[in-house]
Structure formats: structure tokens, C-alpha cells
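Down below is the structure, laid out as C-alpha cells.
The values are calculated or read from the model by the stated rules, or taken from the named source; none is laboratory data. On a predicted model such as this, the values are computed, not experimentally measured, just so you know. FYI the Cβ positions are ideal-geometry reconstructions off the backbone, even for glycines, and counts take in every protein chain you see. Note: accessible area is taken over every heavy atom of the protein model, side chains too, but ligands, DNA and RNA are not part of it. Shrake-Rupley method; radii C 1.70, N 1.55, O 1.52, S 1.80 Å.
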Amino acid sequence: MANLGFVGLGVMGGQMVNRLLSKGHTVNGYNRTRAKAQWLIDKGMKWGDSPRAVASTADVTFAMVTNSAAITSVTEGPDGLLAGLSKGKIFVDISTVSPSVSRALAAKVREKGADMVDSPVSGSVITLQEGKLSVMVGGRRETFERVKPLLLDIGPKVTYVGDNGLALAMKIAVNLSLAVQMMAFSEGVLLAEKSGIARETAVDVLTHSAVASPMIQYRGPFVLQQPEEAWFDVNMMQKDMLLAMELGRQLDVPLPTTAVSNEFLTAARGMGMAKLDFAVVFDVLARMSGISK
């Protein structure tokens, strides 16, 4: 059993810690708001007063935060995660951030004698709870082999994709498709609805049809009712879409459906829906179609 650290105990991070605890690992955790981590403390997680405190006591430290600015915030400074790293330690960043930001951070980690891999995941809180999460890893092969058993305790599919930053590029490539698929699904539901088919029936048919990817199966019903707590809100999805378009510009890869889908996320934000699950792009398109919920 491993001595682990975990920084960022939101919806996904908290569930990952829960799985790691269930596997018998010792976990020292930190979150900006301690109250949100109390349920994990009650399950046996130890509390660290700062990212530095967590990293200094752990052999392998994970982080799961919202964006590039957040990963910089928890790693830099006298109480940052970097200050707690030393020779032989490993940092596993599960956050979805800019590949260039991640590579620069990996260089700083190595200056401390430690090593880092980027290890974003594909899936939702439901797939995580069901043990079906897919994990991608970028970094040195030997470091990947050391952390692979731990990542398998989080999800059953762990894939090494190459050097630092490449797992993030892969994750961005995955996530752009989520918003695009949701837009296409919404178009199909609305076309059926305006033809005279009940929305519930259209959703049922589409989520059991050839177009029903795993994402459509679990998120499609959100066009009928949003979840109480967003699984992946508009702001978070747009962050990933912007990362995709920036990477597309750098690599000369046109991303036309990504760009269009991103505009609907902007519209959702303008309509006050930024904190709702990104499936709310359906509501944007519905209003444009003359339908109100």
C-alpha cells in the first residue's frame, strides 16, 4: 500500500481519493475549502494544511484542479506543492491544462530531483464510481511504470501515450468531441420534437440508437432534466474547447465543429448558464428553435 498525497478534492478528485482509500492506501489531502473534504476525512483521509505539507509527506502526490491558473496556484510559492517535493518523489497531475504549461511544470519538478507525469482522465463521476474511468499518461516511461498500479486503482484502462504533455493533448482531443456530440444530439432531439415527437421519446430512441456513445447515454437525459450538481459545467467545457482550438492553431489542424460548438457554450454563458452541465447547449438551441422548456 502506498503513501499518497492528493491536492484538489472536488467532485472528481474527491471520488478518486475515495477509491484510493478503499484500496487501502494512506492519503494525505488538501483542498482550498476544508469543509468539502470532511466526508473523506471521516473515511480516514489525513488532512494537510497546504499543498506543500501534502507533498512533503507523500511518496506520490496527485493534483486535480480546474485549469492552468489553478495548477500554478497550488504548485508555486512557499506553501506550494513544488516546495514539498524532493529527490525520488513523483507528482501526478490529473488536471486538464495547457500541454505547454504542464511541460514547463515538469521541468521545475525535475529540478527538485523528483519527476512528473501528466495523467488526465476520460469519463464522468458516474464512470469513476463504477470503476470504468480511462486514464492517459504522458512522461518518462519508467515513471509511468511506477505509478501505473496506483492509476489502475482509479480506473481499469491506463494508457501510456508518450512524453510529457502528450496525455494532455490526447485528453483535449477526446474532450472536444464531447461538446460536438452533444450539439449533434441536441439537433436530433429538437428536429424530432418540432416534428411532433415527444422529447422524452426522442431522447429514448436516440440514447438506444447507433449514435448512442457512452457520453450520449449518460448525458442525453440531461436535456430532460439537469442534474442537481453539474458533472462538467459550461465553464469547464469551454476551457477545454479553447485549449483544443489553441492546439489546433499551433498544429495547423482546422477544428470547424469545435469552433461552432464553442460558440454555443459562449451563448450559454451569456444566458446565465455557466454553472450548469454543458448539456445545457440543448436549451440554447431550443430557444433558437422557438421552444422553451
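Using the rule -39500 (n - 2.57) for each DSSP H run of four or more residues, divided by the residues of the chain, the 222 nm mean residue ellipticity is -15000 deg cm²/dmol.
Out of the DSSP beta bridges found with both residues in the stretch 116-255, what percent are antiparallel (nearest 5)? Intermediate values should be presented prior to the final figure.
On the way: 3 of 8 bridges.
Here the share of antiparallel DSSP bridges comes out near 40 percent.
A straight chain from Glu246 to Thr266 at 0.36 nm per residue would run longer than the Cα-Cα distance by 5.6 nm.
Distance between the C-alpha centres of the stretch 32-107 and the stretch 127-184: 18 Å, rounded to the whole angstrom.
Hey, any idea what % of the stretch 131-282's accessible area is carbon plus sulfur with a 1.4 Å probe? Ligands and nucleic acids excluded, carbon and sulfur give 58 percent.
Can you give me the P(r) profile for the stretch 105-151? Cα pairs, bins 10 angstrom wide beginning at 0, each as a whole percent. Cα pair-distance distribution for the stretch 105-151, in percent: 25, 44, 24, 7. Size descriptors for the stretch 243-293, from the alpha-carbon set: Rg then Dmax equal 13.0, 41 Å.
Residue separation of Glu228 and Ser195 scaled by 0.36 nm, minus their Cα-Cα distance, works out to 8.9 nm of gained length. Evaluating 6.51 cos²θ - 1.76 cosθ + 1.60 at θ = phi - 60° for every residue in the stretch 257-273, the Karplus couplings come out as 6, 5, 4, 5, 4, 4, 5, 6, 5, 4, 4, 4, 4, x, 9, x, 10 Hz, glycine and proline recorded as x. Once the gyration tensor of the Cα atoms in the stretch 131-175 is diagonalised, the equivalent ellipsoid follows with semi-axes of 16, 15, 5 Å, ordered largest first. Pairs from the table (Lys112/Lys239; Lys23/Lys239; Lys132/Lys171; Lys112/Lys132; Lys43/Lys89) lying more than 27 angstrom apart at Cα are Lys112/Lys239; Lys23/Lys239; Lys112/Lys132.
The angle between the Cα long axis of helix 234-251 and the longest principal axis of the Cα atoms of the chain comes to about 80 degrees, rounded to the nearest 10. Taking a Cβ cut-off of under 11 Å around Val65, the surrounding Lys, Arg, Asp and Glu residues balance to a net charge of 0, with basic ones at +1 and acidic ones at -1. Taking every protein chain into account, the accessible area of the chain amounts to 45 square angstrom per residue (probe 1.4 Å).
So if each residue of separation counts as 0.36 nm, and I subtract the Cα-Cα distance between Ala173 and Gln38, what length gain in nm does that give?
On the way: separation 135, 0.36 × 135 = 48.60 nm, distance 3.46 nm.
Value of the extension gain: 45.1 nm.
Here the 3J(HN,Hα) profile of the stretch 70-83, calculated from phi with Karplus coefficients 6.51, -1.76 and 1.60 at θ = phi - 60°, is 5, 5, 5, 4, 8, 9, 8, x, x, 9, x, 4, 4, 5 Hz, Gly and Pro shown as x. For the chain, the Kirkwood radius over C-alpha pairs fed into Stokes-Einstein at 10 °C and 1.306 mPa s yields D = 80 µm² per second. Close amide-amide hydrogen proximity is noted between Thr159 and Val135, Met136, Val137, each under 5 Å apart and 5 or more residues distant or on a separate chain (H modeled in the peptide plane; Pro and chain starts excluded). According to the calculation over all Cα-Cα pairs in the stretch 27-131, the P(r) per 10 Å bin from zero is 15, 46, 33, 6 %.
All Cα-Cα distances of the stretch 137-293, cut into 10 Å bins from zero to the largest, leave 10, 34, 32, 18, 6, 1 percent in each bin in turn.
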